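Single-structure report; data block below.
Derivation of every value follows stated rules applied to the coordinates shown; laboratory data play no part. What you see is a predicted model; the values in this text were computed from it and never measured. FYI the Cβ positions are ideal-geometry reconstructions off the backbone, even for glycines, and counts take in every protein chain you see.
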Amino acid sequence: MHGRVMATNDRSENRPSRQINVILRNQEPPVISQAVPDTEPAPIQKVIPQQKGLFADIQKELDQLVGLDNIKELIYEIYALLQIGQMRQEAGLISGNQVYHMIFKGNPGTGKTTVARIVAKLFQKMGVLNKGHLIEVERADLVGEYIGHTAQKTRDLVKKALGGILFIDEAYSLARGGEKDFGKEAIDTLVKAMEDYKNQFVLILAGYSGEIDYFLQMNPGLPSRFPIQVEFPDYSIDQLIQISEIMAKERDYILMPQAILKMKQHLLQEKCETLYAFSNARYVRNVIEKSIRQQAVRLLAQYSAGTPGKLELMTIRIEDLKFDKK
Ligand SMILES: Nc1ncnc2c1ncn2[C@@H]1O[C@H](COP(=O)(O)OP(=O)(O)OP(=O)(O)O)[C@@H](O)[C@H]1O
């Protein structure tokens, strides 16, 4: 699975192995089953009701997301780790500080920012971060125009992110100009901030998979600082259709079957033509929003002397679909 949490202070090498299987069920109390060696007490099925409340909100948000099973699993894994960490602490056991800086790899519109927001909320609920906000930046926000300017800009943004998440989109662009570029200064400042403000913010670097891999290769000191690496796969056409129906529903609209069919055909073509530049769920969102505007224009023209009924106000027809990119 992508995106496993790697414990950085694991002292258990010499102990018998203990495997923790996490089963995530919809709206039900999480069940944690432990498979333990013969010498230990019989397997325990432990239901911990107080976890339900804390995780319920997060789970509700995750349930709204189509696909992303590996990421949902990862988020639950982090939650479980934090819960058990608290219990271990209360039991007087070592529950050392975990490092939560992350790399999110994926094409545009695959849900990276959305998931980062949910992660921020989880960390805030679990007391890892005291604010749980997300500061989203890109190269231009970090890199300055003269020596020292970049370090200052980057430090200021880190300070804004304290208590939350600093999310750097297209992070690899910081290494674009090599050693002489101010991007290098931003990277060095970020690395220093990760030391200076340990556990006070979480840094997420996001971007295209290949470019992020290249970026990490060029900066060998970085990968070990990001123990959690997650792949955001492109959505299938069926998932994109599901997403479009959810997006329409959230706005109190319904897509007619003919409109769905047309959307399907169009997405197939668009995905083939644009390849890596295809912006997945973001593209679908734009289509839905444009189509809603188009429906409004159609209805006004159609009902110049009356009011459309409730169902008509909700319906997106095939002729409402708008695909142009402008
Ligand atoms: N799995 C999903 N289910 C439902 N909606 C989704 C899903 N993934 C993304 N979206 C929606 O698609 C839009 C774009 O998502 P988001 O901004 O998280 O993508 P991103 O990977 O950060 O994109 P970029 O790299 O271009 O910034 C948002 O409106 C988000 O709510």
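Odds and ends about this structure:
- Net lengthening on full extension, Ser209/Glu138 (0.36 nm per residue, minus Cα-Cα): 23.9 nm
- The slack in the chain from Arg251 to Leu162, taken as 0.36 nm per residue of separation less the alpha-carbon distance, amounts to 28.7 nm.
- Between Ser304 and Asn97, the contour length at 0.36 nm per residue exceeds the alpha carbon distance by 68.0 nm.
- From least to most packed, judged by other beta carbons within 10 angstrom and beginning with the fewest, Phe232, Phe278 follow the order Phe278, Phe232.
- Zero-based 5 Å bins, Cα pair distances in region 237-320, whole percents: 3, 15, 26, 24, 15, 9, 5, 3, 1, 0
- By other beta-carbon atoms within 10 Å, ranking Thr315, Thr154, Thr110 with the fewest at the front produces Thr315, Thr110, Thr154.
- With a threshold of 31 Å on the Cα-Cα distance, the over-threshold entries among Lys60/Lys290; Lys60/Lys184; Lys159/Lys271; Lys249/Lys271; Lys60/Lys192 are Lys60/Lys184; Lys159/Lys271; Lys60/Lys192.
- If you take the Cα centroid of region 291-321 and the Cα centroid of region 83-158, the two points sit 43 Å apart.
- Taking every alpha-carbon pair under 8 Å whose residues sit at least 6 apart, region 237-320 reaches a relative contact order of 47 percent.
- Modelled spin-label separation between Gln89 and Leu261, with each label point placed 7 Å from Cα along the Cα-to-Cβ direction: 5.8 nm.
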